[in-house]
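The values are calculated or read from the model by the stated rules, or taken from the named source; none is laboratory data. As the structure is a prediction and not an experimental result, all values here were calculated from the model. Here the Cβ is made from the backbone with ideal geometry for all residues, glycine too, and neighbour counts use every protein chain on show.
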Amino acid sequence: MNTRRNLGRFAVGALAAAATVAAVPAAAPAATAAPYCNLMWGSLAKAGGTYTSGTLANVRSGRHACFDRLVLDVDDVPGRLGHHVRYVSTVRMDGSGTAVPLRGGADLRVILKAPAYDNHGRPTYRPASRTNLVDVSGYRTFRQVAWAGSFEGQTTIGLGVRARLPFRTFVLDGPGDGARLVVDVAHRW
């Protein structure tokens, strides 16, 4: 009888405890900020590909809902187009090391592993203005796109942006035998 009474008391106590736990609302999951526009980029250096004998043909840009885009068009790319893009304290001119002043709160150095000249040293890309390769007035993130030179098989572009923001890089094939280096910089974190 004692055993039955103790089991009964245990069962009643267990039911009461379960009812108490059920009555307490579950804690809400910790709030986490959703990534801006589903962009899960960072701000660390991005690199890939190798040096190529293809040559820079054009620099252009575009505005998108969540980011600004810079595109470097390269003609006749045998193999995979290489690049190295990172935030730096100062973009420097290829060869001389002279500082390239850029508007904005942060400087991105875009190194294209392709020259802007052909095998005879003739330029394949001639910007109308070395300090403003493309007009980025009215862009949310870009402040300036400037020439930093083409020396020893690589071309450097300075990209002045509003602040150190997330970015991504990728290479697209085409048109024809060419390729395009794309640099997207988000409007915010």
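Inspect the range 105-112 for any residue being under 24 Å from Pro78 (Cα atoms) and surrounded by fewer than 18 Cβ atoms within 10 Å (Cβ to Cβ) and give the result as yes or no. Scanning the range 105-112, I find no residue that is under 24 Å from Pro78 (Cα atoms) and surrounded by fewer than 18 Cβ atoms within 10 Å (Cβ to Cβ), so the answer is no.
Out of the range 92-128, which residues are β-branched (Val, Ile, Thr) and assigned to a loop (DSSP other than H, G, I, E, B)? Across the range 92-128, the qualifying residues are Thr98, Thr124.
Would you confirm whether any residue within the range 130-147 is within 17 Å of the chain's Cα centre (by Cα) and among the hydrophobic types (A, V, I, L, M, F, W, C)?
Step one: filter the range 130-147 for residues within 17 Å of the chain's Cα centre (by Cα), giving 139-145.
Filter once more, keeping what is among the hydrophobic types (A, V, I, L, M, F, W, C): 142, 145.
Yes, there is a match, as at least one residue in the range 130-147 is within 17 Å of the chain's Cα centre (by Cα) and among the hydrophobic types (A, V, I, L, M, F, W, C).
Of the residues making up the range 114-165, those that are touching a Gly at 6+ places or on another chain (Cβ under 6 Å) and more than 19 Å from Ala57 (Cα to Cα) are Arg143, Gln144, Gly160, Val161, Arg162, Ala163.
Quick one: which of Ala179, Ala116, Ala163, Ala186 is without any contact (Cβ under 8 Å) to a residue 60 or more places away in the chain and aliphatic (A, V, I, L, M)? If you could, list the steps in order and put the result at the bottom.
Numbers: Ala179 fails: without any contact (Cβ under 8 Å) to a residue 60 or more places away in the chain; Ala116 fails: without any contact (Cβ under 8 Å) to a residue 60 or more places away in the chain; Ala186 fails: without any contact (Cβ under 8 Å) to a residue 60 or more places away in the chain.
When all the criteria are applied, what remains is Ala163.
For residues that are modelled with pLDDT of 95 or more, crowded, with 18+ Cβ neighbours inside 10 Å and in a strand (DSSP E or B), tally how many sit in the range 74-91. Counting residues in the range 74-91 that are modelled with pLDDT of 95 or more, crowded, with 18+ Cβ neighbours inside 10 Å and in a strand (DSSP E or B) gives 5. If only residues of the range 39-57 that are surrounded by fewer than 18 Cβ atoms within 10 Å (Cβ to Cβ) and small (Gly, Ala, Ser) are counted, the one that is farthest from the chain's Cα centre (by Cα) is Ser53.
Right, Thr156: closer than 21 Å to Trp41 by Cβ, buried (at least 19 other Cβ atoms within 10 Å of the Cβ), polar (S, T, N, Q) and touching a residue at least 60 places away in the same chain (Cβ under 8 Å) or not? So that I can check it myself, show each step before the final result.
Working: closer than 21 Å to Trp41 by Cβ: no; buried (at least 19 other Cβ atoms within 10 Å of the Cβ): yes; polar (S, T, N, Q): yes; touching a residue at least 60 places away in the same chain (Cβ under 8 Å): yes.
Answer is no for this residue.
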